[in-house]
Every structure is written in C-alpha cells, then in structure tokens.
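The values are calculated or read from the model by the stated rules, or taken from the named source; none is laboratory data. Remember, predicted model here, so these are calculated numbers, not experimental data. Note: ideal-geometry Cβ built from the backbone for every residue, glycine included; neighbour counts use all protein chains shown. Only protein heavy atoms, including side chains, enter the accessible area calculation; ligands, DNA and RNA are left aside. Shrake-Rupley method; radii C 1.70, N 1.55, O 1.52, S 1.80 Å.
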Amino acid sequence: MKILVCISSVPDTTSKISFTDSETVFNKAGLQFIIGPYDDYALARAVELKEQSGGTVTVLNVGTVETEPQIRKALAIGADDAIRVDAEPTDSYFVAEQIANIAKEGNYDLIMMGRETTDYNSGVVHGIVGEMLGIPSFSPVMELNIDGNQAKMTREIEGGKEKLEASLPLVLGCQEPIAEWKIPNMRGIMTARTKPLNVVAPSGDSLTSISAYSMPPAKGACKMIPAEDAGSLINLLRTEAKVL
Amino acid sequence: MSILVFVELADGEIKKSSQEAIYYGAQLAKMLGTENNVLAIGEAGSDNLALAGNFGATKVLHASDDKYKAANIMAYSDILTAAAKQTGATVIISAKSSLADPVTARTAAALKAGIVGNVTALPDLSNGFTVTRSIFTGKAFAQTSISTDIKILGIKKNALSPVASTDKAVVESESFHADVNAKAFESKVTETVKAKGIIPLPEADLVVSGGRGMKGPDHWQPILDLADALGATTACSKPVSDLDWRPHHEHVGQTGVKIAPNLYIACGISGAIQHLAGVNSSKVIVVINTDPEAPFFKAADYGIVGDVFDVLPKLTAAVKAL
Ligand SMILES: Cc1cc2nc3c(=O)[nH]c(=O)nc-3n(C[C@H](O)[C@H](O)[C@H](O)COP(=O)(O)OP(=O)(O)OC[C@H]3O[C@@H](n4cnc5c(N)ncnc54)[C@H](O)[C@@H]3O)c2cc1C
Ligand SMILES: Nc1ncnc2c1ncn2[C@@H]1O[C@H](COP(=O)(O)O)[C@@H](O)[C@H]1O
C-alpha cells in the first residue's frame, strides 16, 4: 500500500500568540514549531498500517525551509521519504492544489491528513483534495482498518459517531483515537538524516488572503463565591450574567 | 448574484446551527440587495422547511430522495454545487459541522471558490469582501479577504444571535433535483450511534464539564444531575476521554470539540491552555476547583474554590429551587 501523509508545521499548542507590524504579521519569534497534532495521529496510523501489511509512507508538507525539522521528525517516526513543496501555505485551496498535484503523480492508495491544522483550524484541505482527485474524502476519522481494497472507518459526528465503508483510494482527515502519537527512537532519528527529502516548486494561486489580525478582548476579573454559599451562584447566573 | 445557505436537518427539522446560518445569510442578503435561498437535503416535512422563512430565507430548495436519507458527503456536495450553479449563487453559507465542513470543502474545489471557516461576523464590503474569522482555536482573529467570484463561508456558533421573526414568515419550498455521481453511493454509512434526546455539544447553550478532578467514571453522577437540572449537555477534558471515563465525543479543547455555549461550568479541570482553546469562546465560564491556583480561574467569570462533590449538589439544589 502506498500512503501519502500530509503534515502541517504549527506553533506548539502552548504558544502565546502575538502579531507585529501593526497586527499584520504573525510573530514567529521564540515559538517552537511542531507537526500538527492531528497530522501526528494520521502519521502514526499510517506507520502502523505499513508495519502491518507493508508498503511505503511518504510525508508531504507545503512550507518553507523552516519546516524541515518537522519533516525530519516525521521521517524519524517511520515515513520512508518526504516531499516539500517550497511555498508559504497561504490558503486552503492553494495547499490542496499542491497536494493534489503530488497525489496525481504518486498513485497513492491513501492520502492521510489531520482533521484540521491547529493554527488556522480550517478543516477543509482533505475535502478539496478529494474533489480535485475525484475520490471520496472523510473527516474526522477516529478509527481506520484496511482489508484489501476496502476501508472500514468510524467518523465522529455531533453527539456520536458513524461507521463507514468505502473502497480505496481515499482522502482522510484523522483525529484520535485512530492511533497513539509516536515518539521517534534513536535509530529512527539516525536513519531520518539520510532518507530522501525532495523539494519541488509550487504552482497555482491563493483564493484568499489575510490583511490583519486581532486579539480577543481581555477577560475581566473572576468573581469568587465562597463554597459554603455555592447555591448563590445560580442566582448570579440568572440575574447578573443572564445566561439562565 | 444570490446567497445559498446549506442547511442540515435533524429528525426532519432544521438544526439550530443552520437557523443561525440562514439568519446570517439574510443579513448579508440585505447588505448585497439579493435573495437568500436555502438548500435542504434529506427528509423533512414542508411545514418544518417553511419555518426557514422565520430566519430570513427567500426560498427553500429541497432535495429529497431515499438515497439521501443517510448523509453522504460526496452526494451532498454534488447537490450543493448543482444548486449553487442553478441559482447563480455568489455566496454559499453553512454552519460549521462535521457534515457541512467536508461538503462545502468539496464544493469549493468544484467551483474553485475561496472558502473561509469559523467566521465570526458579517463581512466588510467596503473594499472587496473581507470576513473576520477565529484562528488559533479562538486565541486570535484574522481579517480574511476572498478574491473569487463565488465565496464560501463557514459560520461559527454565536457569530450573530438570530432573531426569529414573530410574524411566521412562511416561505415556499420547491423540490430540487441534481445529477449525483453514482460513485458517491459506493461509500456507505453502515451504522450511526448517537446519544438520544441530548443537544449535541457544538449546539449546546449550557455545558457542564468534568476533568480528572472527578476522580473516576463512577463519580459522574453530580455532573449528570446538574446537567439534567439545567437541561445542559455534558463535556469532559481530554484525559477523561483518553481514560474512557466518558465517550470521546464529549472531549472539548484544542484536539476535541470546540464549543461556544452561553455557560460553561468546569468541574475539577485545571485549565490547561489546550483545554481553554476549545472553550474560550463561551460567554460565561464558571470554574469549580479545590486548588485556588488552578490556571482556569484566570479565564473564568465566576469561581468557587471547593470540592466538586460538595459544591455540585448545592448548585443542583439551587437550580431545582428556581
Ligand atoms: C497537543 C495537545 C493537545 C491537547 N488537547 C487537549 C484538549 O483538546 N482538551 C483537553 O482537555 N486537554 C488537552 N490536552 C491535555 C492538557 O494539556 C491537560 O493535560 C488536560 O486538559 C488536563 O485535564 P484535567 O484538567 O482534567 O486534569 P488535571 O490537569 O489533572 O486537573 C485536575 C484538576 O482537578 C482539580 N481537583 C482535584 N480534585 C478535585 C475536587 N475534589 N474538587 C474540585 N477540583 C478538584 C485539581 O486541582 C486540578 O486542577 C492536550 C495536550 C497536548 C499536548
Ligand atoms: N502546509 C501544509 N502542508 C501539508 N499538509 C497540510 C498543510 N496544511 C494543511 N495540511 C493538511 O490538511 C489538513 C487539514 O488542514 P486545514 O484544512 O488547513 O485545517 C491538516 O491536518 C494537514 O494534514
């Protein structure tokens, strides 16, 4: 089986977000970047599937040279080779187009992604890629088993889940508990250094652009209520906060 | 030029989140001086569909077929694309959901339309078409311009508070047929498991949530009691669902469901940044924790330093006494 895993490079989930240049530029200074947490689940499941039934895992990232540490980490976790499309990932359609271009050449059985990136939270790249390739797309997938040409999946829906069956090839947006996050071991880290990382040029355009950023208004002080008098909170929620 | 709202049905009725999307479409239609059409796929009574008028729909297109009973992402997207073409839609609107997101994503590709999700306000039309969207899981906002002729917007909960018109503005619904690629039905939903009679988390206005401080799956009763008394939906932190104390769909946060209720009551949850990311859009946050230094208090509107097993029954009693 040939699997393509698409990873984003995003600020660590504990990052304090800020902007510069009159709130027009995202401030990357001092931030640590990681593989998107959902993409990490997709990667972990892809590596498990390869270990079970053979095949290859290729990682793909649309990003500048700054993302190479995250790509090397994916290789250390168990991907066989990597492709970086050398461009700033400016918009969902643009990113999807780069992925679809690579996918068309590679004949992959599975294209695995995260349900969404944790920076822009769009959650649409998998669907766009699916339509561009004319194959089914599902997200968020929390369980995936492959039997020959058939995939059995569980997808989360509001307040529950649904079980699905479809035949390969497929595009999937993944989330836990599809697999446990994998930590690279020493051997993985060593071999990752020599695994192929091909850099290719982008093509196509962005359909959207960001002109400015802003922060939510600061929270006011927290009103403390003594535990003995806990019941009085309900009255405050009714008369003061007006949410009941 | 017109607007097309993709609405979702639950038991034949228009979902609350979709009512918000129709209302958003109606406000935008006024700004643009155009129509606000609605597309509903699946089974629904015409009375229920006519209620779309209360939220500002001009007309309802209804695609109903036995094949559409189970939601099918590929088929629904084909229908949405066809409806957009037929009505000459220039803006397609939906509420963010596990169905609408993948459906509109595919339609974005089919129409080569710029797509922006988590939209929190009406667009600014003074210089092109610019929307505000929530990014970094609620930690910031981005003003985003869409340059394509057709634009697709995913609306975040509570972006606008819909005001249903009181004079029952009933609208006509007409049946809509589209050619759906037969390949779509090769993928099948074989089983749907859904908690019955409970408002799903993304739509809930009131949420009571428990963390590791609840100390185990057998100790959830005080949370269930308060939720029951309030008519609230229950949620939990990630370790709680990882440990299988609660079902996975209850997990809120950065890697879980993102919610925006009017009231979020956090019980025995420390308030890690990844947890806050999924709940920081709540209007009012109440935190109950034994540790006065718990970081969650910094993000709270009301706080009680105390033991959940002592505090929760008091809250439940006070609600029942209302
Ligand atoms: C990439 C990544 C993504 C993540 N995504 C999420 C996410 O989406 N959602 C999420 O929730 N977490 C997420 N986490 C985990 C997060 O960092 C925290 O570990 C988690 O939120 C802690 O859960 P908790 O508050 O239930 O448990 P704890 O941190 O153990 O807190 C328990 C709290 O209960 C209090 N307590 C104990 N006993 C009582 C009592 N009797 N009465 C009252 N209070 C009591 C304690 O004082 C403590 O504050 C993520 C982590 C990572 C690395
Ligand atoms: N720059 C990127 N490079 C490679 N894959 C990406 C990139 N951005 C997003 N993806 C993939 O698409 C998924 C959905 O992203 P999004 O629609 O942007 O939220 C992510 O979880 C990734 O798997």
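So here's what we get for this one:
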| read-out | value |
| --- | --- |
| Breaking point among (1) more than 16 Å from ligand 2 (Cβ to nearest atom); (2) in a helix (DSSP H, G or I); (3) open to solvent by less than 20 Å² (accessible area, probe 1.4 Å); (4) within 11 Å of chain A (Cβ to nearest Cβ), for B:Ile223 | (4) |
| Strands (runs of 3 or more DSSP E) contained in segment A:23-101 and holding at least 2 residues open to solvent by 20 Å² or more (accessible area, probe 1.4 Å) | A:33-35, A:81-86 |
| Considering residues of segment B:35-80 that are in contact with a strand residue (DSSP E or B) (Cβ under 6 Å, 6 or more places away or on another chain) and hydroxyl-bearing (Ser, Thr, Tyr) only, the residue nearest to B:Leu111 (Cα to Cα) | B:Tyr76 |
| Any hit, segment B:229-242, residues being within 16 Å of ligand 1 (Cβ to nearest atom), at the interface with another protein chain (Cβ under 10 Å from one of its Cβ atoms) and small (Gly, Ala, Ser) | yes |
| Residue list for segment B:306-322, restricted to those being assigned to a helix (DSSP H, G or I) and within 8 Å of chain A (Cβ to nearest Cβ) | B:Asp310, B:Val311, B:Lys314, B:Leu315, B:Ala317, B:Ala318, B:Val319 |
| Odd one out for A:Val10 among (1) under 21 Å from B:Val116 (Cα atoms); (2) modelled with pLDDT of 95 or more; (3) surrounded by fewer than 20 Cβ atoms within 10 Å (Cβ to Cβ) | (3) |
| Which listed residue, of B:Val207, B:Val171, is more than 16 Å from ligand 2 (Cβ to nearest atom), in a strand (DSSP E or B) and in contact (Cβ under 8 Å) with a residue 12 or more places away in the chain | B:Val207 |
| Residue that is surrounded by the fewest Cβ atoms within 10 Å (Cβ to Cβ) [pool: residues in segment A:145-162 that are free of Cβ contacts under 8 Å to residues at least 12 places away in the same chain and closer than 30 Å to B:Thr234 by Cβ] | A:Asn145 |
| Enumeration of residues in segment B:292-309 that are without any contact (Cβ under 8 Å) to a residue 60 or more places away in the chain, closer than 20 Å to B:Ala232 by Cβ and within 12 Å of ligand 1 (Cβ to nearest atom) | B:Phe296, B:Gly303, B:Ile304, B:Gly306 |
| Which listed residue is among the small types (Gly, Ala, Ser) and either open to solvent by 10 Å² or more (accessible area, probe 1.4 Å) or over 20 Å from B:Leu201 (Cα atoms) (or both), from B:Ala294, B:Ala260, B:Ala277 | B:Ala294 |
| Restricting segment A:109-119 to residues that are surrounded by fewer than 24 Cβ atoms within 10 Å (Cβ to Cβ) and more than 10 Å from the chain's Cα centre (by Cα), the residue that is nearest to ligand 1 (Cβ to nearest atom) | A:Leu110 |
| Residues being open to solvent by less than 50 Å² (accessible area, probe 1.4 Å) and hydrophobic (A, V, I, L, M, F, W, C) - total across segment A:194-229 | 6 |
| Residue that is within 25 Å of A:Glu116 (Cβ to Cβ), surrounded by 23 or more Cβ atoms within 10 Å (Cβ to Cβ), within 14 Å of chain A (Cβ to nearest Cβ) and out of contact with any Phe, Trp or Tyr (no Cβ under 8 Å at 6 or more places or on another chain), where the choices are B:Thr148, B:Thr137 | B:Thr137 |
| Every residue from segment A:102-119 that is in a loop (DSSP other than H, G, I, E, B) and more than 13 Å from ligand 2 (Cβ to nearest atom) | A:Asn107, A:Tyr108, A:Asp109 |
| Any hit, segment B:254-266, residues being near ligand 1 (Cβ under 7 Å from one of its atoms), modelled with pLDDT under 95 and either of a type in the set (Gly, Ala, Ser) or under 22 Å from B:Asp307 (Cα atoms) (or both) | yes |
| From B:Gly197, B:Gly271, B:Gly231, B:Gly213, residue being on the phi > 0 side of the Ramachandran plot and open to solvent by less than 40 Å² (accessible area, probe 1.4 Å) | B:Gly271 |
| Selection from segment A:126-138 of residues that are of a type outside the set (S, T, N, Q) and either modelled with pLDDT under 95 or open to solvent by less than 30 Å² (accessible area, probe 1.4 Å) (or both) | A:His126, A:Gly127, A:Ile128, A:Val129, A:Gly130, A:Ile135, A:Pro136, A:Phe138 |
| Restricting segment A:28-48 to residues that are away from ligand 2 (no atom under 16 Å from the Cβ) and away from chain B (no Cβ under 14 Å), the residue that is farthest from B:His275 (Cα to Cα) | A:Glu48 |
| Residue check, B:Ile93 open to solvent by less than 30 Å² (accessible area, probe 1.4 Å) and away from chain A (no Cβ under 14 Å) | yes |
| Where a residue in segment B:264-276 is within 10 Å of chain A (Cβ to nearest Cβ) and its partner, wherever it lies, is among the aliphatic types (A, V, I, L, M) and within 7 Å of ligand 1 (Cβ to nearest atom), with Cβ under 8 Å and at least six apart | B:Ile265/B:Ile288 |
| Pick from segment B:119-134, criterion within 18 Å of A:Ser206 (Cβ to Cβ) and polar (S, T, N, Q), ranking: farthest from the other protein chains (Cβ to nearest Cβ) | B:Asn127 |
| Search result, residues across segment A:11-25 that are more than 9 Å from chain B (Cβ to nearest Cβ) and out of contact with any Ser or Thr (no Cβ under 8 Å at 6 or more places or on another chain) | A:Asp12, A:Thr20, A:Asp21, A:Ser22, A:Val25 |
| Close pairs from segment A:61-75: first touching a residue at least 24 places away in the same chain (Cβ under 8 Å) and near ligand 2 (Cβ under 10 Å from one of its atoms), partner part of a helix (DSSP H, G or I) and open to solvent by 10 Å² or more (accessible area, probe 1.4 Å), Cβ under 9 Å, at least 6 apart | A:Asn61/A:Thr67; A:Asn61/A:Glu68; A:Asn61/A:Gln70; A:Val62/A:Phe94; A:Val62/A:Val95; A:Gly63/A:Gln70 |
| Where B:Gly117 falls short, out of the listed (1) open to solvent by less than 10 Å² (accessible area, probe 1.4 Å); (2) at pLDDT 95 or above | (1) |
